[in-house]
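No lab work stands behind these numbers, since they all come straight from the coordinates. What you see is a predicted model; the values in this text were computed from it and never measured. Reconstructed Cβ throughout: ideal geometry from the backbone, glycine too, with neighbour counts over all protein chains shown.
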Amino acid sequence: MTKKIDKVLFDLDGTLIDTERIKKLFREIAINHGYNEERAFSIYEEARTAGDVITITYERFIEVLKKHLASDGKELAADKVEAVMQGLKTEPVMLPGAKELVQQVCDFGLEHHLISLGVPEWQKEKLALAGLDEYFSFDIEDNKADVICTVDNRPEARKQEVFRLLLGEESTGAGTVFFNDKPWETARLLRQYPELVAYVRIAANDRRYKPEDFEAINKEFGVRVRCDDSLGVLKEYFKELIFAENYDGKRI
């Protein structure tokens, strides 16, 4: 394994921001219009993807909700939407420890990128809501890392194509660290890049994954992956890695 880390890649949803809370707010809008939790979830899922393409934005969710309301003889109530969406403006979207983690990477002077599965306009809005737009830009600037978005939701595509773009076709992942939240996606990338190191945030409120999913990647990849529900803990793991490898860049 490489003795120097020089590149850090971040996922956004579920890793740096509380996307599950945003999803819950969307479902709450549907529930406030008379739908039960199951129907609200199906409306969100319909708005989320179209075939193999990620389509979810606030506007797309409202569009799909309006369609369901119309078929049920109802209309969208703007006050019910606004009452819920105020939560995005008044409650933190950024996960605890996210800013400190990104700042640490900046302080180490490492090249870093944000790789996100989602519609660029909506991802940009969420970055701003989280207050992380000071670190990442959709336009490459000298003082910010660039954001690379993909809407291709095919399992064999997703972040794999962006990795190939950033690391090159022949890369082993040497010198690269990836912060993510999806255990199955992380496993795919660790298999594809045998020298990649990954830190995985466990989201207790994400019902897609179970503890055994994270235990499985720990068992398969050993020291190449660390999982925890706290970004603060993952930040310390990362710092230990940098110091252990005698990183010769700028230190905190």
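A dipole drawn for the range 5-160 from +1 and -1 charges on Cβ atoms has a positive end, and of Thr19, Ser137, Phe41 the residue lying farthest that way is Phe41.
Over 23 Å between C-alpha atoms is what I'm after, so list which of Lys80/Lys210; Lys24/Lys124; Lys7/Lys89; Lys7/Lys239; Lys7/Lys99; Lys67/Lys182 land there. Mind showing how you got there, number by number?
Numbers: Lys80/Lys210 33 Å; Lys24/Lys124 19 Å; Lys7/Lys89 32 Å; Lys7/Lys239 14 Å; Lys7/Lys99 18 Å; Lys67/Lys182 31 Å.
Among Lys80/Lys210; Lys24/Lys124; Lys7/Lys89; Lys7/Lys239; Lys7/Lys99; Lys67/Lys182, the Cα-Cα distance tops 23 Å for Lys80/Lys210; Lys7/Lys89; Lys67/Lys182.
Just from its helices, what would the mean residue ellipticity at 222 nm be for the chain, if runs of 4 or more DSSP H residues each count -39500 (n - 2.57) and the sum is divided by every residue, rounded to the nearest 500 deg cm²/dmol? It would help to have the intermediate numbers written out before the result.
On the way: 10 runs with 119 residues, N = 252.
Mean residue ellipticity, 222 nm, calculated: -14500 deg cm²/dmol.
Among beta bridges identified by DSSP and lying wholly in the chain, the antiparallel ones come to about 15 percent. With a cut-off of 8 Å between alpha carbons and a minimum separation of six or more residues, what is the relative contact order of the chain in percent? Taking the mean separation of contacting Cα pairs over the length of the chain, I get 26 percent. Each Lys and Arg adds +1 at its Cβ and each Asp and Glu adds -1 at its Cβ; summed about the Cα centre, the chain shows a dipole of about 380 debye. A value for Kirkwood radius over Cα pairs in Å was derived from the coordinates, and within the list (i) 18.3; (ii) 23.0; (iii) 19.2 it appears as (iii). Choose one answer from Asp11, Asp72, Asp213: the residue with the largest mean-square fluctuation in a GNM of the chain with alpha-carbon springs under 10 Å. Largest GNM mean-square fluctuation: Asp72.
Averaging sequence separations of C-alpha pairs under 8 Å and six or more residues apart, then dividing by the length of the range 20-90, give the relative contact order as a whole percent. Please report the intermediate quantities before stating the final value.
Numbers: 51 pairs, mean separation 22.9, N = 71.
Result for the range 20-90 is 32 percent.
Of the residues Trp122, Ile54, Pro183, the one whose Cα sits farthest towards the positive end of the charge dipole of the chain is Pro183 (charges of +1 on Lys and Arg Cβ, -1 on Asp and Glu Cβ, taken about the Cα centre). In a fully extended conformation the segment linking Glu125 and Lys74 would gain 15.5 nm over its present Cα-Cα distance, using 0.36 nm per residue.
Just report the Cα centroid separation between the range 54-83 and the range 162-234, whole Å. Answer, in whole Å: 35. Extension gain, Cys106-Glu195: 0.36 nm per intervening residue step, less the Cα-Cα distance, totals 29.8 nm. Between Arg164, Arg207, Arg226, find the one with the highest GNM mean-square fluctuation for the chain; connect C-alpha pairs within less than 10 Å. Evaluated over the chain, the most mobile residue of the options is Arg207.
Placing +1 on each Lys and Arg Cβ and -1 on each Asp and Glu Cβ, with no other charges, gives the range 165-252 a dipole about its Cα centre of roughly 200 debye. For the range 103-220, a crude dipole built from +1 on the beta carbon of Lys and Arg and -1 on the beta carbon of Asp and Glu, taken about the Cα centre, is about 580 debye to the nearest 20. Here Glu91 and Arg39 are evaluated by their C-beta separation; at R0 = 25 Å the FRET efficiency comes out at 0.50. Sorted on the mean count of surrounding Cβ atoms within 10 Å across their residues, most packed first, peptides 150-161, 112-123 read 112-123, 150-161. Counting every other Cβ atom within 10 Å of each residue's Cβ, Thr49, Thr57 order from fewest to most as Thr49, Thr57. The residues packed around Arg226, meaning those with a beta-carbon under 14 Å from its beta-carbon, carry a net charge of -2 if Lys and Arg are +1 and Asp and Glu are -1.
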